[in-house]
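K.L.:
The structure follows.
Quick note: the coordinates plus some simple rules give every number you see, no bench work behind them. Bear in mind the structure is a predicted one, so any value in this text is a computation, not a measurement. Glycine gets a Cβ as well: all are built from the backbone with ideal geometry, and neighbour counts include every protein chain shown.
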Amino acid sequence: MTDSKKIDTLVDDIYNLMEVGTKSPNQEALLGLGVSIMDSIRKQLWVSANDRKGGSLRMSNIGKPCTRALWYDINGDDQVETLRPETKIKFMMGDIVEALVLYLAKESGHEVKEQQAQVEIDGIKGHLDAVIDGELVDVKSSSSYGMKKFKNGTLPDDDPFGYIDQISGYGNALGKTQGTFLAFDKSTGELATYTHKSLSNTSDRIEKVKRDTSMESPPDRRFDPVNDRQTGGKKLNINCSYCSHKKTCWADPGIDMKVRSGRPVFLVKGMEGDKSNAKSF
């Protein structure tokens with residue numbers, strides 16, 4: 001890293017690298033990229049089913065907004081959904097993007113350290129993505145819609161996957177007061193950074209999560225169903241739709257799945273309106 005390289009020039013420096021290239025790439029970094037990509041593929045293709053189960057609290061999941069979902073992770077769910085093939089590919093590509101972006105950061109002259117370094121707070125362990133130019137960095141693959149939150153700095157106003165709690169855990173463990181997201185738009189290839197300057201107190205979050213997941217029965221649902229304009233009824237919101245525990249969590253009143261434009265929509269029974277082409281789920 002040179003004295004001029006700072007986190008706020010990272011995206012421009014990577015773009016410049018892509019335009020002009022480099023005459024002598026760092027062979028060690030290039031080999032490291034290859035190993036990371038191979039590991040990403042191995043993890044999704046050959047990791048056993050038991051390894052895929054939640055089972056314990058980790059820095060990567062304590063940020064889940066719904067502790068009811070974490071309760072099922074920890075205490076078990078007979079109807080938990082297995083990962084769909086397209087979801088496995090999505091996770092695989094997310095890992096590959098992370099490895100590639102960090103490699104490009106190195107090649108563009110930035111100092112990249114602590115990749116996958118383990119940290120721990122109150123017995124909860126996790127592995128951070130990297131520290132770049134002395135700043136904690138978490139790499140995220142995003143849709144074009146989600147990318148706007150990183151570009152405009154509005155992530156704190158709409159953080160359905162608990163990204164801020166997650167990076168706060170890493171930051172608290174490292175004694176950092178801020179953390180930077182390095183986001184990649186899966187549709188356009190665009191990069192953006194967003195620095196969150198007020199990390200939350202991870203110990204408080206861990207205390208709540210441990211309390212909620214140790215109860216005899218799961219806590220209340222975190223999210224209410226939302227309006228479905230096509231039927232006039234109600235459907236699961238984005239968090240519940242992606243949750244692997246929705247069958248059990250919404251067993252009462254139950255849900256029906258309807259495919260629209262190739263995507264599943266989950267209608268809440270008794271609130272669905274027009275049920276044509278829906279199947280019980």
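K.L.:
What list of ³J(HN,Hα) couplings, whole Hz, do you get for the stretch 135-142 from phi and the Karplus terms 6.51, -1.76, 1.60, once you set θ to phi - 60° and write x for glycine and proline?
P.N.:
9, 5, 10, 10, 8, 10, 8, 9
K.L.:
If we count every other residue with Cβ under 12 angstrom of Ala117's Cβ, Lys/Arg +1 and Asp/Glu -1, where does the sum land? Provide the component values of the computation, followed by the final result.
P.N.:
Working: positive: Lys113, Lys125; negative: Glu114, Glu120, Asp129.
Here the charged neighbours net out to -1.
K.L.:
Quick check on the chain: what are the equivalent-ellipsoid semi-axes from the Cα gyration tensor, as sqrt(5λ), descending, whole Å? Can you show the working numbers first?
P.N.:
Numbers: eigenvalues 256, 97, 67 Å².
In descending order the semi-axes read 36, 22, 18 Å.
K.L.:
Filter the trypsin sites (Lys or Arg not before Pro) in the stretch 219-249 to those in DSSP coil with at most 10 other Cβ atoms within 10 Å of their Cβ, and list the result.
P.N.:
Working: sites: Arg221, Arg222, Arg229, Lys234, Lys235, Lys246, Lys247; in loops: Arg221, Arg222, Arg229.
Of the trypsin sites (Lys or Arg not before Pro), the ones in loops of the stretch 219-249 whose Cβ has at most 10 other Cβ atoms within 10 Å are Arg229.
K.L.:
Return the subset of Lys6/Lys197; Lys90/Lys246; Lys106/Lys140; Lys140/Lys208; Lys43/Lys151 for which the Cα-Cα distance in this structure is over 28 Å, preserving the input order. List each step's numbers first, then the result.
P.N.:
Working: Lys6/Lys197 16 Å; Lys90/Lys246 20 Å; Lys106/Lys140 17 Å; Lys140/Lys208 26 Å; Lys43/Lys151 31 Å.
Table pairs above 28 Å Cα-Cα are Lys43/Lys151.
K.L.:
A further question follows. Using a Förster distance of 30 angstrom, determine the FRET efficiency expected from the C-beta separation of Glu28 and Glu216, and round it to 0.05.
P.N.:
Values: r = 52 Å, r/R0 = 1.75.
Given R0 = 30 Å and the Cβ-Cβ separation, E is 0.05.
K.L.:
Chymotrypsin sites (Phe, Trp or Tyr not before Pro) within the stretch 58-118: which are DSSP loop residues with at most 15 other Cβ atoms inside 10 Å? Walk me through the numbers before you get to the answer.
P.N.:
Values: sites: Trp71, Tyr72, Phe91, Tyr103; in loops: none.
Here no loop site has a sparse enough neighbourhood.
K.L.:
I need the phi-derived Karplus couplings for the stretch 170-178: 6.51 cos²θ - 1.76 cosθ + 1.60, θ = phi - 60°, integer Hz, Gly and Pro marked x.
P.N.:
Result, rounded to whole Hz: 4, x, 4, 5, 8, x, 8, 9, 8.
K.L.:
Report the full-extension gain for the segment Lys90 to Lys151: residue separation times 0.36 nm, less the Cα-Cα distance, to one decimal in nm.
P.N.:
So the extension gain works out to 19.7 nm.
K.L.:
Select from the stretch 103-134 those trypsin sites (Lys or Arg not before Pro) which occupy a DSSP coil region and have at most 11 other Cβ atoms within 10 Å, ordered by residue number. The partial results should precede the final answer.
P.N.:
Values: sites: Lys106, Lys113, Lys125; in loops: none.
Answer in residue order: no site qualifies.
K.L.:
Please check: in the Gaussian network model of the chain (C-alpha springs, under 10 Å), which one of Val209, Val268, Val131 has the largest mean-square fluctuation.
P.N.:
Val268
K.L.:
Apply the Karplus parameterisation 6.51 cos²θ - 1.76 cosθ + 1.60, with θ equal to phi minus 60°, to every residue of the stretch 83-88 and state each ³J(HN,Hα) to the nearest whole Hz, in sequence, with x for glycine and proline.
P.N.:
Result, ordered by residue: 5, 6, x, 5, 5, 4 Hz.
K.L.:
What nm value, rounded to one decimal, do you get for the distance between Lys6 and Val259 when each label is placed 7 Å out toward the C-beta?
P.N.:
Spacing of the two 7 Å Cα→Cβ label points: 5.2 nm.
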